[in-house]
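As structure tokens, the structure follows; a few thoughts come after it.
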Amino acid sequence: MRPRACLILAAVTAAAFCAAPRARADTPADFEAVQAQVEEVLLDSLGNRLDPQDWATLQQREASFAGGLQSAAAQALWAKAAAPIRDPEPNEAVRAAELCGNLHAVLEHTAALEMLDRQRHGDITGAKAWRAVIALPKHANAIEGALALERLGSNKSQQDAVSVLLAREYLTWQATRVREKLDGLKRAVTAGRANQELVAARIAEISTLANFPAELCALAEVPPTTAKGLPDSRDLLARAAASDWPAFVENFVTWQTRLESELPNLLTPDEIERHGRLLVKLIRLVPKEYHNGVRDGQIVVPLEYREAKDFIVQAQQIVSELSGAWRQSKAQAFEKYSTALIEKMETTERFILAKADPAQVEDAAKEIENILVSRFGLSVQRAGSGKGVVEEIALEVRAGLKNSLAAAQAGRWSEAESLRVDAYTTFDTELEKRVLPRDPELGLRAERSFLDGEENQPGIKALFDQRTKGPALEAAFARTLAAVDQCTALLKVNLSPATVIYTVLAISAREGLEAVVVLAALLAGMRGPENRSTRRRVVTGAWLALAATALTFWISRTVIQSLSRYGEKLESVISVLAVLVLLMVTNWVFHKVYWVGWNAKLRKLSKSGEPGTESRLEWMSLVMVGFLTIYREGFETTLFLQSLILESGMKWVLIGIACGAVMVAGAGVLIFVIGARLPYRKLLVLTGVLVVTILVTFLGSTVRLFQTVGWLSIHPIPGLHLPSWAGFWLGFYPSVEGIVIPLLGFAYVIGAWLFVKIQAARRGARAMAEAHQTESFHGHPALAKRPPAA
């Protein structure tokens, strides 16, 4: 082979191998050293000038690398692949090139096995390090795995789910790299830049990459691939040896099709359809984002420009993921239009990077959309609502936020607020409810970014209320978008059944016990035959609430899903009703606490006291507190459970509900039995404390809901930071409204307590004075004989 051709091939191959992301200096032991030395030996073989010194160096580095492996599967895989390294240097360049191609692929599989082994043994730092050395395809999405390791890696209950995610992520990467290398080899041969050694190296690497270890396939829950199932490549090697390149290309197409058909299918038909819808949506959003972000070749809104770049990259990634399925289900369209589709996407990306005229980006995007819709038959219409629509929903949230930002920057505040509410409602009903069981802090932080934000980082709603534009508003939107991305990535990890059951149990028990304690205290304080009717009404209200909750849960599978965008508003209305009822109950409690004792004294003195009876309004208020105290929690819990049903199915949710019901029922019986033996007045005081606490918490939660749906402004308090539990348990949030209104509710309680106490003291004193006058009247003989006045 001529020296000039050797140099060209060496440069081409080096560029191809160096295109993959390089490992950092802190990677697992000797991985980078072995990888670099394999490349060195490969370059020697491509130039047909094998160097004994390079081979000896490879032997040394391989021995050090093999000694650092911990996974039994990785040790066995590497030992088999590296056995020829321990032999003397091969005397054939083709043999050396084939060995190097095989080693390149085995290194990737070994790193993946080590990563999963460390993760399953709780060594998250080691798992991250091994994951960092794995070569990625172009436009790879590596966020989900990184976030899963970071947030759930040490969670034993999520260990299996994280393993599945990492294994599927790796198979997706390498299946895409197989397709990239197949296309790259075909282009090299067609352009006349290939020789026998290059073909041997590439075919060996592709075949080994496509032959995934059984352990990885088992974790990824896909059928295993085997060397026997892969197409025979001997004919291709023979054509390359004979330099019969036209025949090679003809046979290569058949070999490529067969090989790709053997790659693991990681997408279900529903996922393929969903990816197609998402792809069309992304392409439609690219020109909109770019138009908002670029003017006259200058970036005017960095956030919009960055989104345009990210969307076109994500679209190219989806095409790579779908190409395997399209080769089978849309073979004719893929054969005719896949090349044009990829080229137009790359052209659009170049336009965006060059900050070209928005009209060029728009025209290119329309051409891409035309191919996808008319040639591949894709549509944006979404059917169904399974757990896999998370990414699609996140895209809707992001699009709504971006439109809201554009409207705000243009001064259209009403439109901006409406779009913000729509985006938040979609986030709350579809994403936040799923995130809270896994990472409450992340879910609440994302929610706050839509509203008042954190300390020194105001949220979108707070800035809207202040009519703030410019970089501060863009930064607030950027924080919210980043939080949405984190939530989306987190939700790529499936919930385990144990986690689902525990989550449902914790939620139902917490909400149920809160209602049971209040009702038990109320009923225990209503002893005596004169309160029998009142007790019956409270119990009736509670049973009606349970029935209404069950009905809501059943209806929520159909009707409430269509009303999901109004979930926060419905909850706001119910919260207002609950607060009103609690205000009436607070008055009733104080009436009982401060009047029962005085009534007893008056009856004893005058012997003419009548037992107090509740008015119809008081009866209805007690029925309503029995109903709303339970139904408010039941309604919120029902909406929360819908997201868990979407993710894990009805079975595990029902098991969790049953466990929670048993716990709440047992606690209710226990509380009633103990409550029946407690002193009457102490129970009323306890009831008052509970009702006041819940009243203040309900007020704070209602204020938050009103702010969420845009019915109330947000004015953050500078420098004030409250932990998440302060809002969750006490109803206090870091804003003027979130602090003042609950405190006003508490002030009302104190004022009502003082008013009732003062009134009771005055009436008691008056009653005692009248009783004393009556005793004096009956005890004075002269007065006793005086006839009564006419």
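The values are calculated or read from the model by the stated rules, or taken from the named source; none is laboratory data. Quantities reported herein were computed from a predicted structural model and do not represent experimental measurements. Glycine also receives a Cβ, built like all others from the backbone with ideal geometry; neighbour counts cover every protein chain displayed. Quick note on the areas: whole protein, heavy atoms, side chains included, nothing else; ligands and nucleic acids left out. Shrake-Rupley method; radii C 1.70, N 1.55, O 1.52, S 1.80 Å.
Observations on the model:
- Helices (runs of 4 or more DSSP H) contained in region 179-257 and holding at least 3 residues among the charged types (D, E, K, R) and touching a residue at least 60 places away in the same chain (Cβ under 8 Å): 196-210
- All told, L303 falls short of being part of a helix (DSSP H, G or I), within 18 Å of E362 (Cβ to Cβ), within 25 Å of the chain's Cα centre (by Cα) and of a type in the set (A, V, I, L, M).
- Looking across region 403-428, just one residue is open to solvent by 60 Å² or more (accessible area, probe 1.4 Å) and of a type in the set (K, R), and that is R412.
- Meets criteria (touching a Cys at 6+ places or on another chain (Cβ under 6 Å) and either open to solvent by 20 Å² or more (accessible area, probe 1.4 Å) or not polar (S, T, N, Q) (or both)) for P224: yes
- Considering residues of region 397-444 that are in a helix (DSSP H, G or I) and without any contact (Cβ under 8 Å) to a residue 40 or more places away in the chain only, the residue nearest to the chain's Cα centre (by Cα): A423
- Residue in region 37-56 that is surrounded by 19 or more Cβ atoms within 10 Å (Cβ to Cβ), of a type in the set (D, E) and touching a residue at least 60 places away in the same chain (Cβ under 8 Å) present: no
- Extreme residue, nearest to I203 (Cα to Cα), among residues of region 262-274 that are surrounded by fewer than 20 Cβ atoms within 10 Å (Cβ to Cβ) and touching a Leu at 6+ places or on another chain (Cβ under 8 Å): E262
- Among residues of region 301-336, those that are open to solvent by less than 20 Å² (accessible area, probe 1.4 Å) and acidic (D, E), counted: 2
- As a summary of the residue check, L209 satisfies the conditions (1) more than 30 Å from A242 (Cβ to Cβ); (2) out of contact with any Leu (no Cβ under 9 Å at 6 or more places or on another chain); (3) surrounded by 20 or more Cβ atoms within 10 Å (Cβ to Cβ) except for the one numbered (1).
- On the stretch given as region 285-300, residues that are surrounded by fewer than 18 Cβ atoms within 10 Å (Cβ to Cβ) and assigned to a helix (DSSP H, G or I) total 1.
- Test: residue in region 481-495 that is under 19 Å from the mean Cα position of the chain (by Cα), modelled with pLDDT under 65 and over 30 Å from E307 (Cβ atoms): no
- Close pairs (6 angstrom Cβ cut-off, 6 or more residues apart or separate chains): of a type outside the set (A, V, I, L, M, F, W, C) in region 339-350, open to solvent by 40 Å² or more (accessible area, probe 1.4 Å) anywhere: K344/E367
- The single condition from (1) at pLDDT 70 or above; (2) among the β-branched types (V, I, T); (3) open to solvent by 40 Å² or more (accessible area, probe 1.4 Å) that V517 fails is (1).
- Filtered residues of region 253-284 (kept if in contact with a Ser or Thr (Cβ under 8 Å, 6 or more places away or on another chain) and of a type in the set (V, I, T)): I272, V280
- Yes/no for T176 being touching a Leu at 6+ places or on another chain (Cβ under 6 Å) and in contact (Cβ under 8 Å) with a residue 60 or more places away in the chain: no
- Scope region 236-261; condition surrounded by fewer than 17 Cβ atoms within 10 Å (Cβ to Cβ) and farther than 21 Å from R193 by Cβ; matching residues: T254, T257, R258, S261
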